[in-house]
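Contents: one structure, followed by commentary.
The values are calculated or read from the model by the stated rules, or taken from the named source; none is laboratory data. This is a predicted model, so every value here is computed, not measured. Glycine also receives a Cβ, built like all others from the backbone with ideal geometry; neighbour counts cover every protein chain displayed. Heads up: the accessible areas ignore ligands, DNA and RNA and are worked out on the full protein's heavy atoms, side chains in. Shrake-Rupley method; radii C 1.70, N 1.55, O 1.52, S 1.80 Å.
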Amino acid sequence: QVQLVESGGGLVQPGGSLRLSCAASGRIFNIYYMGWYRQVPGKQRELVASITSAGATMYADSVKDRSTISRDNAKNTVNLQMNSLKPEDTAVYYCNIRTPLDQAWGQGTQVTVSS
């Protein structure tokens, strides 16, 4: 069974930065995809950024100029650095990983951007 532990959320002022981290453990084989998603009440969960095992990245248009996703394949971790945060970035952020046989979601970490 795969377990994901997220950290790094919290309250940030507009224009500030934060770094979200996600560590995967358990029965993990060949994580080919790691991603961060976010969700606000009443809306669908949306992709923020993703990265493959080969290092190919994808970003939502709303964050691509101010975010960087990275991963450590040896440690099965994925990080999301977000800068110049805006109130509209407020959401619960979820980590997602995929292997050829399974996928897993983290429990979510709240990010609130407010003065």
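If you go through region 92-107 one residue at a time, do you hit one that is of a type in the set (G, A, S) and either free of Cβ contacts under 8 Å to residues at least 24 places away in the same chain or at positive phi (or both)?
First pass over region 92-107, keeping only residues of a type in the set (G, A, S): 104, 106.
When the remaining residues are screened for being either free of Cβ contacts under 8 Å to residues at least 24 places away in the same chain or at positive phi (or both), the result is none.
Checked region 92-107: no residue is of a type in the set (G, A, S) and either free of Cβ contacts under 8 Å to residues at least 24 places away in the same chain or at positive phi (or both).
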Q) Which ones in region 1-40 are of a type in the set (F, W, Y) and within 13 Å of V92 (Cβ to Cβ)? A) W36, Y37
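Got a number for residues in region 16-40 being farther than 18 Å from G106 by Cβ and in contact with a strand residue (DSSP E or B) (Cβ under 9 Å, 6 or more places away or on another chain)? Write out each step before concluding.
Residues of region 16-40 that are farther than 18 Å from G106 by Cβ, as a first pass: 16-17, 29-30.
Subset that is in contact with a strand residue (DSSP E or B) (Cβ under 9 Å, 6 or more places away or on another chain): 16-17.
Count: 2.
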Q) (1) surrounded by fewer than 13 Cβ atoms within 10 Å (Cβ to Cβ); (2) among the hydrophobic types (A, V, I, L, M, F, W, C); (3) in contact with a Cys (Cβ under 6 Å, 6 or more places away or on another chain): which one isn't true of C22, the others all being true? A) (1)
Q: Give region 38-84 a look and list any residue that's charged (D, E, K, R), open to solvent by less than 40 Å² (accessible area, probe 1.4 Å) and assigned to a loop (DSSP other than H, G, I, E, B), or say none.
A: R66
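Restricting attention to region 85-113, and to residues there that are open to solvent by less than 60 Å² (accessible area, probe 1.4 Å) and in a loop (DSSP other than H, G, I, E, B), which single residue is nearest to G16 (Cα to Cα)? Talk me through it step by step, then tell me what you get.
We begin by selecting, within region 85-113, every residue open to solvent by less than 60 Å² (accessible area, probe 1.4 Å); these are 85, 89-97, 99, 104, 106, 108-109, 111-113.
Filter again for in a loop (DSSP other than H, G, I, E, B), leaving 85, 90, 99, 106, 108.
Numbers: L85: 5, T90: 12, T99: 34, G106: 24, G108: 20 Å.
Among them, the one singled out is L85.
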